[in-house]
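*Asks:* Let me give you the structure first, and then I'll get to my questions.
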Amino acid sequence: AMGEYLKYTKKVGGIAHWDELSDKKSGLIYDVIDGSDGFYACPVEKTSRSRINVPFTIGGDNEDLTKKFLEGAKKVKLYTLAGHRSVGGCRASLYNGMPLEGVEALRDFMKSFQDENRQ
């Protein structure tokens, strides 16, 4: 399996491909968070943010709103967005196996959820 993955990586442009794609995917989500005027918040300093695991809270870490978000996400086939049980909130995992289209779907859902639930 590893050999096939490495062949594929070479075919698509090597490590530079994954680096560029990782920047693009995380940027899509961080742009929504940073442009939400506080509706979404990332508990990690911008200089220390991960490109793979993007944690965020909703509505000032509102538990009911977070639950509503997670339930709504499942309806549009976006899964495993709950944050770590010791931290709470939400977490988008953007590993190499997550296609760009899935991240775009999350971005679009986050924008529509914000529009529908902003107070």
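The values are calculated or read from the model by the stated rules, or taken from the named source; none is laboratory data. Owing to the predicted nature of the structure, the values given are computational and were not obtained by experimental measurement. Note: ideal-geometry Cβ built from the backbone for every residue, glycine included; neighbour counts use all protein chains shown. What goes into the accessible areas is simple: the full protein's heavy atoms, side chains included, and nothing from ligands, DNA or RNA. Shrake-Rupley method; radii C 1.70, N 1.55, O 1.52, S 1.80 Å.
*Asks:* In the chain, once you exclude exposed trypsin sites (Lys or Arg not before Pro) (DSSP loop, at most 13 other Cβ within 10 angstrom), what's the longest stretch remaining?
*Replies:* Excluding the exposed sites themselves, the longest stretch runs over 1-76.
*Asks:* For Glu104, Glu71, Glu20, write out the residues from largest to smallest accessible area, computed with a 1.4 angstrom probe and no ligands counted. Please report the intermediate quantities before stating the final value.
*Replies:* On the way: Glu104 60, Glu71 95, Glu20 135 Å².
Ranked list, largest accessible area first: Glu20, Glu71, Glu104.
*Asks:* Accessible area per residue, 1.4 Å probe, Å², for the chain: what's the number?
*Replies:* Details: 7720 Å² over 119 residues.
On a per-residue basis, the chain sits at 65 Å².
*Asks:* From Cα coordinates alone, what are the radius of gyration and Dmax values for the chain in angstrom?
*Replies:* Both quantities, over Cα of the chain: 15.3, 51 Å.
*Asks:* Got a sec? What order do Ile15, Ile29 fall in by accessible area at 1.4 Å, biggest, i.e. largest, first?
*Replies:* The most accessible residue leads, giving Ile15, Ile29.
*Asks:* Something else: Divide by every residue of the chain the summed helix terms, -39500 (n - 2.57) for each DSSP H run of at least 4, and state the resulting mean residue ellipticity at 222 nm, rounded to the nearest 500 deg cm²/dmol.
*Replies:* The helix contribution divided over the chain gives -17000 deg cm²/dmol.
*Asks:* Using the crude model of +1 on Lys and Arg Cβ and -1 on Asp and Glu Cβ, and no other charge, please compute the dipole size for region 25-82 relative to its Cα centre, in debye to 20.
*Replies:* 380 debye
*Asks:* When the Karplus curve 6.51 cos²θ - 1.76 cosθ + 1.60 is applied with θ = phi - 60°, which whole-Hz ³J(HN,Hα) does each residue of region 63-75 get, with x for Gly and Pro?
*Replies:* Couplings: 4, 5, 5, 5, 4, 4, 4, 5, 5, x, 4, 4, 5 Hz.
*Asks:* Let me ask something else about it. Once a ≥ b ≥ c are taken as the square roots of the eigenvalues of the Cα gyration tensor of region 56-119, is the result rounded (a/c under 1.5), prolate (a/b larger than b/c) or oblate (a/b not larger than b/c)?
*Replies:* Cα axes put region 56-119 in the oblate bin.
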